[in-house]
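Some notes on the structure that comes next.
The values are calculated or read from the model by the stated rules, or taken from the named source; none is laboratory data. Small disclaimer: the values here were computed from a predicted structure and weren't measured. So basically every Cβ, Gly included, is an ideal-geometry build from the backbone, and we count neighbours across all protein chains shown.
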Amino acid sequence: MGQENLAPTQITNIMKRPFSPNRRFIERIGFAGLTATALVTTLPIVGTIVYILIQGAPAISLEFLTSFPRDGMRAGGILPAIIGTLYLALGVSIFAVPLGIAAAIYLAEYASDTPLTRTIRIAIINLAGIPSVVYGLFGLGLFVLFLNFGTSILAASLTLSIMTLPVIISTAEEALRTVPQSFRTVSASLGATRWQTIRRIVLKEALPGILTGVILGLERAVGETAPILFTGAAFFLPRLPNSPFDATMALPYHLFVISTQVPNMPVQIQYGVALTLLAFVLTMNLVATVIRSRARAKRQW
Amino acid sequence: MEKSLTWREFIVTRAIQASGYSAIVFVTLIFFFLLREGAPALTDVKLSALFSARWYPIEDYFGILPLITGSLVVTIGAMLIAFPLGIGTAVYISEIAPRWIREILKPLVELLGGLPSVVLGFLGILLVSPFLRSFLDLPTGLTAFTGSLLLGGIAVPTIVSVAEDALDAVPRSYREGAWALGATRWQTIWYVTLPAAKSGVLTAVMLGVGRAIGETMTVMMVTGNAPVLATALGSWFAPARTMTATIAAEMGEVANGSAHYHVLFFIGIVLFLISLGVNVAASSVVFHAKKRAERILS
């Protein structure tokens, strides 16, 4: 990230009022303001999570997690939504993880700074910025209609995969770049080819960082609703999907449905679904954080 | 043995190269398929009708202006909230907070970035909008302002992490120079560190705008979804409808190939171009600044 030269006027700005009598006072007020800002930003996060935990916990039971919805989803469990979300995560792992890591290897190990490489980087930045609902449109146009996959797990996970790709590529590339150059030099001097060096040395060292990226990518995919709205999500299914060409229920879409589309929905079930979704996301976040900090502590270079 | 090794090397290298190019392929594919389904909107609906002020698809009124103003109102509102909070938090984390507080705050903000937008929308319906309705004495709590408030929360993590990176990249010697001149830490932040990180902060804000304008589920759930042309400040406290929410809410119910279907894809093209513009602008600021930084440091 860049920094800029200070203009001379900025320096004289400081020089002008170095010993203004109330500058300590101003500093104290300024710091208090910034601290308050940080609190205003972070307290609601804690509040939200604790609140959902408290409200949702009574709804969670073995039956809730392992049975089908009943009475127009107003009772019973959410098993199909949980399984559906797992299937989608599995789909994303199959498509996005190998592709994302390979792309990161290309950018970190092979690509030199050419106009083409810069174009790839701009493309990745753009992929990261495209609104999720536009991914949904794209998935509908390409996978559901053009390739004729129908509204299916396959179409939804392919759509989610492309959306997740930039997250995986950029974190994995960063992880690969932190491996010291000397590792590669030594490996090459022992007669290893470039790919052998990457596979046995670089990838092994960068693994924790790559894993963190993969988990963060999956976390994003698991929580998204808009891309699966018209590519694979089903309002209600009386059974589990049994092929990749079936539509599926999913936790985020289910939460959307029961909080906006179903009248007289017991609020406890809504909080229960929110908590289950949150549990997925928080667990992945926690795992990623633990892997990252453990790898940092263990690192010897 | 030797030969199979070179072959494998060759194939693997090619596969990796192809994966590297995939990002370009996907962006092109996305644009192509949006065009393919969205361009016919221009023949289905007259251009003047498309940019008119009435969105009522059942009677074939496809004016997308109210949707564009809806997105603008909600996004500008979100940035008014997220900009001070995000930059303030970034400065606090990078310049003031003791180490242990930083270690707590950073993952917390990251966590907010990971919260599914549908969960925020859900809380918006159940908590935020009833509260705003009684607090501000409005006829409904589902307004553009409610959307802005929650979108602000969604844009904050983006702004914090990018701005904090930018502040971190300011060399320590700049700060030491200011301290040596007798500046307080506050003066240093205000007159030295923040100006030096200006371009990174700008990037942060732009990426935040991109994040806010593209957000779908939260705004669809809490803004009331009324396609009314925003003309006055009062529109902020009335129901609104964004481009993203319109696509999400209506795509499920249209017949493939109808005018309505094409227009929804056309809105997708508009959104795609906006995000393209925002991101190219944001990244060119970064590239530009990097070059300058390299020149200074060398």
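With the condition being farther than 26 Å from A:L255 by Cβ, I'd like the helices (runs of 4 or more DSSP H) fully within region B:60-169 carrying at least 2 qualifying residues. If you could, list the steps in order and put the result at the bottom.
Values: elements: B:65-91, B:99-114, B:117-123, B:129-136, B:144-168.
Hits in region B:60-169: B:65-91, B:99-114, B:144-168.
Among the helices (runs of 4 or more DSSP H) lying completely within region A:58-157, list those that include at least 3 residues that are buried (at least 19 other Cβ atoms within 10 Å of the Cβ).
So the answer is A:79-105, A:115-129, A:132-139.
In the list A:L207, A:L255, which residue meets the criterion of being in a helix (DSSP H, G or I), within 11 Å of chain B (Cβ to nearest Cβ) and either more than 17 Å from the chain's Cα centre (by Cα) or over 20 Å from A:A96 (Cβ atoms) (or both)?
A:L255
In region A:162-182, how many are without any contact (Cβ under 8 Å) to a residue 40 or more places away in the chain and either within 17 Å of A:V222 (Cβ to Cβ) or over 26 Å from the mean Cα position of the chain (by Cα) (or both)?
2
Here's the yes/no breakdown for (1) buried (at least 18 other Cβ atoms within 10 Å of the Cβ); (2) of a type in the set (F, W, Y); (3) under 17 Å from B:D60 (Cβ atoms):
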site: B:A230; (1), (2), (3): yes, no, no
site: B:P239; (1), (2), (3): yes, no, no
site: B:M243; (1), (2), (3): yes, no, no
site: B:I247; (1), (2), (3): yes, no, no
site: B:A255; (1), (2), (3): no, no, yes
site: B:H262; (1), (2), (3): yes, no, yes
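Starting from region A:148-161, keep only residues that are among the small types (G, A, S), then list their pairs with residues that are surrounded by fewer than 24 Cβ atoms within 10 Å (Cβ to Cβ) and modelled with pLDDT under 90 whose Cβ atoms are within a distance under 7 Å, requiring at least 6 positions of separation or different chains.
A:G150/A:F245; A:S152/A:P244; A:S152/A:F245; A:S152/A:D246; A:S152/A:A247
On the given criteria, is B:L80 modelled with pLDDT of 90 or more, crowded, with 20+ Cβ neighbours inside 10 Å and under 16 Å from the mean Cα position of the chain (by Cα)?
It is false that B:L80 is modelled with pLDDT of 90 or more, crowded, with 20+ Cβ neighbours inside 10 Å and under 16 Å from the mean Cα position of the chain (by Cα).
Per-residue answers, yes or no, for (1) crowded, with 24+ Cβ neighbours inside 10 Å; (2) at the interface with another protein chain (Cβ under 7 Å from one of its Cβ atoms); (3) under 16 Å from B:L207 (Cβ atoms):
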| site | (1), (2), (3) |
| --- | --- |
| B:K106 | no, no, no |
| B:G113 | no, no, yes |
| B:V119 | yes, yes, no |
| B:V128 | no, no, no |
| B:L138 | no, no, no |
| B:A155 | yes, no, yes |
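Find the residue count for region A:94-139, including only residues that are more than 7 Å from every other protein chain (Cβ to nearest Cβ) and in contact with a Pro (Cβ under 7 Å, 6 or more places away or on another chain). Reasoning before the result, please.
Step one: of region A:94-139, the residues more than 7 Å from every other protein chain (Cβ to nearest Cβ) are A:94-98, A:100-101, A:104, A:108-109, A:112-118, A:121, A:128, A:135-136, A:139.
Remaining after also requiring in contact with a Pro (Cβ under 7 Å, 6 or more places away or on another chain): A:128, A:135-136, A:139.
Here the count works out to 4.
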